[in-house]
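Novice: The structure that follows is given in the form of structure tokens.
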Amino acid sequence: PPPLRRLVLGGARVFWPLYAAAVMSVLASRTLRASLVLLALCLLLLHLVRFWLSAKSYVFYHEEVASLARKHAGLDYEVASLARKHAGLDYEVAFSKIITELRKKHPGHILQDEDLQWVFVNAGGWMGSMCLLHASLTEYVLLFGTAVDSGGHSGRYWVEISDTIISGTFRRWKEGTTKSEVYYPGDTIIHKAGEATSVQWSAGTWMVEYGRGFIPSTLGFALGDTIFSTQDFLTLFYTIRVYTKGLLLEVSTYLTEMGIF
């Protein structure tokens, strides 16, 4: 009958909005709870990684790598004036000696010659080239430089980096300042974790770089320009391949030291 139909339709008009509101409320509540749980897990993971980084032992040390770079660049850094005097030695000879000595000091942690490769790096607006020597989840050692003038953003990540210059010049403009600083062969520049700067290198600048921290945190910056700007996917492949080789070498060395292999 029409009166019953009108009653049912009227009830539906009242019921369905209330039902929909209740469902949305439940979903919102679940989403909020899920978001809070995810946030808590992320914070827990952050603290676990920080504890791991502070408690673990490392293969390399900033001063060790820096001293080795200075030594084989033919520079005496006990006296600053001598550093300038001996600048300009052939960086390729220095690199070769550095690789040889690192292999002697840290057997099983430096890639073999057949795995060494100079790979382009596009990041933060600058372009350079790197040759990765060692890589793990918490450390890396590489040779870096550029044959042309280049500069841009340093990146901001969860890693402390030291660069020791073999040849050329390195200009750095630190966040919160109005003046830049110029560094020369023999100088070591420390880029602290969480820090951002503007960097500029003159043509022919080459250096030895050591990074310590959560290395995967650098990959977004290191690969971002390659993926979204240059779209040089062959370089992307080279980068991932050499980093993977470094990780596999560390796993192999660890298992060997444990007596498994």
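Here's the yes/no breakdown for (1) modelled with pLDDT of 90 or more; (2) β-branched (Val, Ile, Thr):
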{"site": "211", "(1), (2)": "yes, no"}
{"site": "226", "(1), (2)": "yes, yes"}
{"site": "229", "(1), (2)": "yes, no"}
{"site": "237", "(1), (2)": "yes, no"}
{"site": "240", "(1), (2)": "yes, yes"}
{"site": "244", "(1), (2)": "yes, yes"}
{"site": "255", "(1), (2)": "no, no"}
{"site": "260", "(1), (2)": "no, yes"}
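Novice: Still on this structure, I have one more. Going through the range 56-86 one residue at a time, which ones are in a helix (DSSP H, G or I), at pLDDT 55 or above and hydroxyl-bearing (Ser, Thr, Tyr)?
Specialist: 67
For (1) outside any strand (DSSP E or B); (2) under 15 Å from the mean Cα position of the chain (by Cα); (3) of a type in the set (Gly, Ala, Ser), each residue gets a yes or a no:
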| position | (1), (2), (3) |
| --- | --- |
| 161 | no, yes, no |
| 181 | no, no, no |
| 199 | no, no, no |
| 217 | yes, yes, yes |
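Novice: I'm told residue 177 meets every condition in (1) more than 22 Å from residue 141 (Cβ to Cβ); (2) assigned to a loop (DSSP other than H, G, I, E, B); (3) hydroxyl-bearing (Ser, Thr, Tyr); (4) touching a residue at least 60 places away in the same chain (Cβ under 8 Å) except one. Can you identify the failing condition by its number?
Specialist: If we test residue 177 against (1) more than 22 Å from residue 141 (Cβ to Cβ); (2) assigned to a loop (DSSP other than H, G, I, E, B); (3) hydroxyl-bearing (Ser, Thr, Tyr); (4) touching a residue at least 60 places away in the same chain (Cβ under 8 Å), just (4) comes out false.
Novice: Go through 45, 27, 41, 36 for me and flag whichever is under 30 Å from residue 217 (Cβ atoms) and at pLDDT below 75.
Specialist: 36
Novice: Another question, if that's okay. Would you tally the residues in the range 160-179 being open to solvent by less than 50 Å² (accessible area, probe 1.4 Å) and more than 13 Å from residue 211 (Cβ to Cβ)?
Specialist: Residues meeting the conditions: 7.
Novice: Can I ask one more? Return the residues of the range 192-217 that are farther than 16 Å from residue 145 by Cβ and open to solvent by 20 Å² or more (accessible area, probe 1.4 Å); say none if nothing qualifies.
Specialist: If the condition is that a residue be farther than 16 Å from residue 145 by Cβ and open to solvent by 20 Å² or more (accessible area, probe 1.4 Å), then 192, 193, 194, 195, 198, 212, 214, 216, 217 are the ones that fit.
Novice: Quick check on the range 143-159: of everything there that is in a strand (DSSP E or B) and open to solvent by less than 60 Å² (accessible area, probe 1.4 Å), which residue is farthest from residue 118 (Cα to Cα)?
Specialist: Of everything passing the filter in the range 143-159, 159 is farthest from residue 118 (Cα to Cα).
Novice: Would you mention how many residues in the range 120-150 are of a type in the set (S, T, N, Q), under 29 Å from residue 49 (Cβ atoms) and over 12 Å from the mean Cα position of the chain (by Cα)?
Specialist: Residues flagged as of a type in the set (S, T, N, Q), under 29 Å from residue 49 (Cβ atoms) and over 12 Å from the mean Cα position of the chain (by Cα) within the range 120-150 amount to 1.
Novice: Take the residues in the range 224-261 that are among the acidic types (Asp, Glu) and over 18 Å from the mean Cα position of the chain (by Cα), then tell me which one is least open to solvent (accessible area, probe 1.4 Å).
Specialist: Within the range 224-261, the match that is least open to solvent (accessible area, probe 1.4 Å) is 232.
Novice: Let me ask something additional. Closer than 25 Å to residue 211 by Cβ, surrounded by 11 or more Cβ atoms within 10 Å (Cβ to Cβ) and modelled with pLDDT under 65: which single residue out of 89, 53 fits that description?
Specialist: None of the others qualify; the one that does is 89.
Novice: Something else now. List the pairs whose first member sits in the range 180-206 and is at positive phi, whose second member is surrounded by 15 or more Cβ atoms within 10 Å (Cβ to Cβ) and part of a strand (DSSP E or B), and whose Cβ atoms are under 9 Å apart, counting only residues at least 6 apart or on separate chains?
Specialist: Cβ pairs passing all conditions: 186/164; 186/165; 186/166; 204/145; 204/146; 204/167.
The values are calculated or read from the model by the stated rules, or taken from the named source; none is laboratory data. Quantities reported herein were computed from a predicted structural model and do not represent experimental measurements. Glycine also receives a Cβ, built like all others from the backbone with ideal geometry; neighbour counts cover every protein chain displayed. With ligands, DNA and RNA removed, areas are computed over all heavy atoms of the protein, side chains included. Shrake-Rupley method; radii C 1.70, N 1.55, O 1.52, S 1.80 Å.
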